[in-house]
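Enquirer: Take a look at the following structure, please.
Throughout, read-outs are computed from the coordinates displayed, never taken from laboratory work. The structure displayed is predicted, hence computed values, not measured ones. Virtual Cβ from ideal backbone geometry, glycine too; neighbours counted across all protein chains shown.
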Amino acid sequence: MADVVRYERRGPVAWVTIDRPEARNALSAEVRAGLFSATDRFNGDDAARVLVLTGAGEQAFCAGGDLKEMAESGLAVPPPDFVPVFGHNVTVEKPTIAAVNGVAYAGGFLLAQMCDLCVAADHARFAITEARVGRGAPWAMPLPWLVPPRVAMELLLTAEPITAARAHEVGLVNRVVAFVDLQDTVQAMAENVAANAPLSVRAAKAMVYRAAVGRSAEEQAVADALWEPVYTSADAQEGPRAFREKRAPRWEGR
């Protein structure tokens, strides 16, 4: 597994850490491959009952896709296996927790959203920033199930970050704690889950998601179709290019 993603088991809890703090733990190709490997390792690790996903450092959980890499590659529509999305392109029956240690923007928001539970440091921020760079967010299809629809709309349309406290208020986050307490709090939560009957835990998780809006293959296909013209637009290339060139994007609306 790539060095930029670390897998460490602490008792029954597997900690998966994106270790690229100098790039705010952005989702480079190496990181994405490492996350797939870590997920496979967790699924095959019988001693690991709960997965915790976090980022290295204090600044960022994950700042999203590597825009410089996207600009260089000319990425249009991301392939189905671009990044592991629990319950979509990879099956994870055991429970998962996001330990959000800093900003969770764009693809980082996706990673926090896909976990079953979420605990955030009090300085963490959450944002769906795709509209600022002309990219797509079909992965946000389940968001109105997690938060009120108008909160989802605000996140998607304004691309403005919300605080950890606001994320807790609207139901996106389970708990908010001081950064120094984040790992201990999450470890204790994970151990509490791990101590319960595994069949009961897995059935409970499956039942809750069965009732979720936006998580079925059919609903995801609708989201993918809605966003494909965005991904294939000139603006989708202009956004990452402007980021790389450190200038404001010049939108054409096509």
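Enquirer: What residue among Ser233, Ser28, Ser73 has the largest mean-square fluctuation in a Gaussian network model of the chain, using Cα springs under 10 Å?
Expert: Answer for the Gaussian network model of the chain: Ser73.
Enquirer: Can you pull the one-decimal nm distance between simple spin-label points at Asn89 and Arg41, each 7 Å off the Cα toward Cβ?
Expert: About 2.1 nm, to one decimal.
Enquirer: Right, another one. So, how do all the Cα-to-Cα distances of the chain break down into 5 Å bins, in percent, from 0 on up?
Expert: Answer for the chain: a P(r) of 1, 6, 13, 19, 20, 19, 13, 6, 3, 1, 0 percent.
Enquirer: Sticking with this structure for a sec: Once you have a ≥ b ≥ c as the square roots of the Cα gyration tensor eigenvalues for region 158-254, tell me rounded if a/c is under 1.5, and otherwise prolate or oblate according to whether a/b is larger than b/c. Each step should come with its number before you reach the end.
Expert: On the way: a/c = 3.14, a/b = 1.60, b/c = 1.97.
It is oblate, given that a/c is not under 1.5 and a/b is not larger than b/c.
Enquirer: Sum up the charges of everything whose Cβ sits under 15 Å from the Cβ of Gly34, counting Lys and Arg as +1 and Asp and Glu as -1, but leave Gly34 out. Display every interim value, and only then the final one.
Expert: On the way: positive: Arg6, Arg20, Arg32, Arg41; negative: Asp3, Glu8, Asp19, Glu30, Asp40, Asp66, Glu69, Asp81.
Cβ neighbours under 15 Å give a net charge of -4.
Enquirer: Does region 100-234 come out rounded, prolate or oblate, given a ≥ b ≥ c as the square roots of the eigenvalues of its C-alpha gyration tensor, rounded meaning a/c under 1.5 and, failing that, prolate meaning a/b above b/c? Kindly include the intermediate steps, with their values, before the conclusion.
Expert: Working: a/c = 2.37, a/b = 1.32, b/c = 1.79.
Cα axes put region 100-234 in the oblate bin.
Enquirer: Evaluate the relative contact order of region 30-170 (contact order divided by residue number), counting alpha-carbon pairs under 8 angstrom at least 6 apart; express in whole percent.
Expert: Relative contact order of region 30-170: 22 percent.
Enquirer: Picking from Pro79, Pro161, Pro229, which is most flexible by a Gaussian network model of the chain using Cα springs under 10 Å?
Expert: Pro79
Enquirer: With angles folded into 0 to 90 degrees, how steeply does helix 149-158 sit against the dominant principal axis of the chain? Use alpha carbons for both and round to 10.
Expert: The helix 149-158 is inclined about 50 degrees to the chain.
Enquirer: For the Cα atoms of the chain, what angle does the longest principal axis make with the long axis of helix 182-194, in degrees from 0 to 90, nearest 10?
Expert: Approximately 60 degrees, to the nearest 10.
Enquirer: I would also like to ask the following. Taking a virtual spin label 7 Å from the Cα of Leu157 along the C-beta vector, which residues in region 202-245 bring their backbone nitrogen under 20 Å of it?
Expert: 223, 226-227, 230
Enquirer: Which percent, to the nearest 5, of DSSP beta bridges fully inside region 5-210 are antiparallel? It would help to have the intermediate numbers written out before the result.
Expert: On the way: 8 of 31 bridges.
Once the DSSP bridges in region 5-210 are tallied, antiparallel ones form about 25 percent.
Enquirer: Something else about it: Treat the count of other C-beta atoms within 10 Å as a stand-in for reagent exposure and order Leu110, Leu117, Leu226, Leu155 from fewest to most.
Expert: Leu226, Leu117, Leu110, Leu155
Enquirer: By its C-alpha gyration tensor, with a ≥ b ≥ c as the square roots of the eigenvalues, how is region 32-96 shaped: rounded for a/c under 1.5, else prolate for a/b larger than b/c, else oblate? Numbers along the way, then the final one.
Expert: Numbers: a/c = 2.80, a/b = 1.55, b/c = 1.81.
Taking the square roots of the gyration eigenvalues as a ≥ b ≥ c, region 32-96 is oblate.
Enquirer: For the chain, what is the calculated [θ] at 222 nm in deg cm²/dmol (nearest 500), taking -39500 (n - 2.57) for each run of four or more DSSP H residues and dividing by its residue count? Present the calculation step by step, with values, prior to reporting the outcome.
Expert: Values: 11 runs with 107 residues, N = 254.
Estimated from H runs of four or more residues: -12000 deg cm²/dmol.
Enquirer: Return one number: the angle in degrees, 0 to 90 and rounded to the nearest 10, between the long axis of the Cα atoms of helix 29-44 and the longest principal axis of the Cα atoms of the chain.
Expert: Tilt of helix 29-44: around 30 degrees.
Enquirer: Something else now. How do Lys68, Lys246 line up, fewest other C-beta atoms within 10 Å first?
Expert: Values: Lys68 15, Lys246 6.
Fewest-to-most ranking of Lys68, Lys246: Lys246, Lys68.
Enquirer: Of Ala56, Ala152, Ala195, which is the most mobile in a GNM of the chain whose springs link Cα atoms less than 10 angstrom apart?
Expert: Ala195
Enquirer: Quick one: of the DSSP bridges fully inside region 1-102, what percent are antiparallel, nearest 5? Don't skip to the end; give the middle numbers.
Expert: Working: 6 of 18 bridges.
Of all bridge pairs located within region 1-102, approximately 35 percent are antiparallel.
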